[in-house]
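Everything below concerns the one structure shown next.
The values are calculated or read from the model by the stated rules, or taken from the named source; none is laboratory data. Predicted, not measured: the structure shown is a model, and the values here were computed from it. FYI the Cβ positions are ideal-geometry reconstructions off the backbone, even for glycines, and counts take in every protein chain you see.
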Amino acid sequence: MEGYCYIDRPRCGSMNMAVDQFLARLAGQQQVVVLRLYQWSEPTLSLGYFQAIRDRREHSPSLPLPLVRRTTGGGAIVHHHDWTYSLAIPDRPDRIGPSTSLYELVHDALVRLLCDRGFAAQKWSGCAAESHENNANPEKACKSFLCFERRSTSDIVIGKHKVLGSAQRRASGALLQHGSLLLRTSDFAPSLIGLDAIDRSACLNSSTASSTNDTFPVGQVAGQAVDWECDLGREMAQRITSALRHQWNVTLAHGLPESIVSELEMTSDHQFGTAAWNAKR
Amino acid sequence: MDPKDLKYNPTHEWVGIVEDCGEKIAVVGITDFALEQLTDLVYMALPDVGKQVRAGEEFGEVESVKAVSPLYSPVDGEVVAVHSELVDNLERLGTDPFGEGWIMKVRLSSSANLDGLLDRDAYLKQCSEAH
């Protein structure tokens, strides 16, 4: 199977969701895989598909932000200093429920990336006992408003901090997976610790120290933040692309064909920009 | 309902036909196999009574392990009852998927598509081959 991988320009919340929906339909109709990495043109709160809009009142720091409801499940995310990815793959109609294998493929690739960058990253399933100890209130960990305060087995954590979570949607002959890597702490979600605030020296262990280099100046020089963020986004795309090639024999070309770009740029946010959608629950 | 007497969508919804005051009513749910695939259900969205559903089109949605999946109607008709208590008691689906786990009842507008649905043996064969 073949497909495309590209890094998109930042867009507003409703357009980001509209583009992902377009790409999911494309995956189903043309039987291609599409990987998109992107950021957000303004800080935005995205709600999980089933979350009630009134629940955002539980989280006062993000109240000033515009809101968009995702098509994927899970908890709310403050998109401020993060990389978001969307991965759309063709799906069979007789499939139902989560695709554990897709969660695993992407998250294993990104765990390796973070470990190569010097972080003691692992999936939450790999440190469940430790994490349970860190979650004084397991019920809260499952029902928290924010995605990054919840835990599920594929989530990527560094110590007690969740730094990446993903969610899925099956529809239109495609499976769409969204995920977000938390780069820096946002004023709109100050309780969440980004990569920049995690002390790598405290994370290093014998298995990661040998692969650590100093090319990723996390939290060291504020002026370089954009550089390491861009670098990390590119590497996320490379690692996921490589995992798809080696594990699923899927080859992704860099960039979208012009014909698809033209069609994509005609995409409207008429669904995701409306109160009927965003306040549907 | 006895699973052997039901018809099945390839997308894992079951349907049983009952007579009510001379009308054919379709009782619809999702299969034990689907529930096994879904693992831990956390949310379910159901249609409103009065909604017109069409065979092969979405009538509801479920979420499990942060994955949202559509539910597809196996029949054409009007929704005349919805098992709304399920939304807050999703465990009932797992304990009795072919009985207390029913999701909606539909007054059939046409029986034409029923013959195209799978019987129990064909459905189980599909499940064993696909997974």
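Applying the selection to the stretch B:57-76, what residues are assigned to a loop (DSSP other than H, G, I, E, B) and either at pLDDT below 95 or charged (D, E, K, R) (or both)? Spell out the reasoning first.
Let us first name the residues in the stretch B:57-76 that are assigned to a loop (DSSP other than H, G, I, E, B), namely B:57, B:65-66, B:73-75.
Correct list: B:Glu57, B:Val65, B:Lys66.
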Worksheet item: Looking at A:Ser86, is it among the hydroxyl-bearing types (Ser, Thr, Tyr) and closer than 30 Å to A:Arg245 by Cβ?
Response: yes
Practice prompt. Identify all residues within the stretch A:112-130 that are under 29 Å from A:Asp227 (Cα atoms), surrounded by fewer than 23 Cβ atoms within 10 Å (Cβ to Cβ) and not polar (S, T, N, Q); write none if there are none.
Written response: A:Arg112, A:Leu113, A:Cys115, A:Asp116, A:Arg117, A:Gly118, A:Ala120, A:Lys123, A:Trp124
Fill in: Single residue of A:Gln51, A:Gln30, A:Gln39 found to be surrounded by fewer than 22 Cβ atoms within 10 Å (Cβ to Cβ) and more than 22 Å from A:Phe188 (Cβ to Cβ)
A:Gln30
Worksheet entry | Checklist (1) within 30 Å of A:Tyr103 (Cβ to Cβ); (2) in contact with a helix residue (DSSP H, G or I) (Cβ under 6 Å, 6 or more places away or on another chain); (3) not β-branched (Val, Ile, Thr) applied to B:Glu100, failing item | (1)
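Every residue, every condition in (1) in contact with a strand residue (DSSP E or B) (Cβ under 7 Å, 6 or more places away or on another chain); (2) farther than 27 Å from A:Leu102 by Cβ; (3) among the charged types (D, E, K, R); (4) at pLDDT 70 or above, yes or no:
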{"site": "A:Asn135", "(1), (2), (3), (4)": "no, no, no, no"}
{"site": "A:Lys140", "(1), (2), (3), (4)": "no, yes, yes, no"}
{"site": "A:Asp155", "(1), (2), (3), (4)": "yes, no, yes, yes"}
{"site": "A:Arg170", "(1), (2), (3), (4)": "yes, no, yes, yes"}
{"site": "A:Leu182", "(1), (2), (3), (4)": "yes, no, no, yes"}
{"site": "A:Leu195", "(1), (2), (3), (4)": "yes, no, no, yes"}
{"site": "A:Thr212", "(1), (2), (3), (4)": "no, yes, no, no"}
{"site": "A:Asp231", "(1), (2), (3), (4)": "no, no, yes, yes"}
Worksheet item: Which residues, taken from the stretch A:151-174, are hydroxyl-bearing (Ser, Thr, Tyr), under 30 Å from A:Gln30 (Cβ atoms) and facing chain B (nearest Cβ under 8 Å)?
Response: A:Ser166
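Can you tell me which residue in the stretch B:72-91 is nearest to B:Gln52 (Cα to Cα), limited to those that are within 14 Å of chain A (Cβ to nearest Cβ) and in contact with a Pro (Cβ under 9 Å, 6 or more places away or on another chain)? Walk me through it before giving the result.
Taking the stretch B:72-91 as the starting set, the residues that turn out to be within 14 Å of chain A (Cβ to nearest Cβ) are B:72-74, B:87-88, B:90.
Remaining after also requiring in contact with a Pro (Cβ under 9 Å, 6 or more places away or on another chain): B:72-73.
Numbers: B:Tyr72: 13, B:Ser73: 10 Å.
Applying the filter and picking the extreme gives B:Ser73.
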Discussion item. Cβ contacts < 6 Å: first residue more than 12 Å from chain B (Cβ to nearest Cβ), restricted to the stretch A:94-106; second residue buried (at least 18 other Cβ atoms within 10 Å of the Cβ), any location; separation 6+ or different chain. Result?
Written reply: A:Leu105/A:Ala243; A:Val106/A:Ile240
Worksheet item: So which residues in the stretch A:53-69 are within 21 Å of A:Arg11 (Cβ to Cβ) and within 14 Å of chain B (Cβ to nearest Cβ)?
Response: A:Arg69
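Conditions tested, residue by residue: (1) without any contact (Cβ under 8 Å) to a residue 24 or more places away in the chain; (2) aromatic (Phe, Trp, Tyr); (3) within 13 Å of another protein chain (Cβ to nearest Cβ); (4) out of contact with any Asp or Glu (no Cβ under 6 Å at 6 or more places or on another chain).
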| site | (1), (2), (3), (4) |
| --- | --- |
| A:Met1 | no, no, no, yes |
| A:Asn16 | no, no, no, yes |
| A:Trp40 | no, yes, no, yes |
| A:Thr44 | no, no, no, yes |
| A:Gln51 | no, no, yes, yes |
| A:Thr71 | no, no, yes, yes |
| A:Trp83 | no, yes, no, yes |
Item to complete: Count, please, the residues in the stretch B:1-12 that happen to be in contact with a Phe, Trp or Tyr (Cβ under 7 Å, 6 or more places away or on another chain), within 14 Å of another protein chain (Cβ to nearest Cβ) and not polar (S, T, N, Q).
Response: 2
Worksheet entry | Hits in the stretch B:11-56 (condition: of a type in the set (Val, Ile, Thr), under 15 Å from the mean Cα position of the chain (by Cα) and not in a strand (DSSP E or B)) | B:Thr11, B:Thr31
Response to the item:
Inside the stretch A:143-202, the number of residues satisfying the requirement of being in contact (Cβ under 8 Å) with a residue 40 or more places away in the chain, over 24 Å from A:Phe50 (Cβ atoms), assigned to a loop (DSSP other than H, G, I, E, B) and out of contact with any Gly (no Cβ under 7 Å at 6 or more places or on another chain) is 5
Worksheet entry | Candidate set: the stretch B:13-68, residues that are among the small types (Gly, Ala, Ser) and facing chain A (nearest Cβ under 8 Å); chosen: the one surrounded by the most Cβ atoms within 10 Å (Cβ to Cβ) | B:Ala67
Fill in: A:Gly74, sole failed condition from (1) at negative phi; (2) buried (at least 17 other Cβ atoms within 10 Å of the Cβ); (3) in a loop (DSSP other than H, G, I, E, B)
(1)
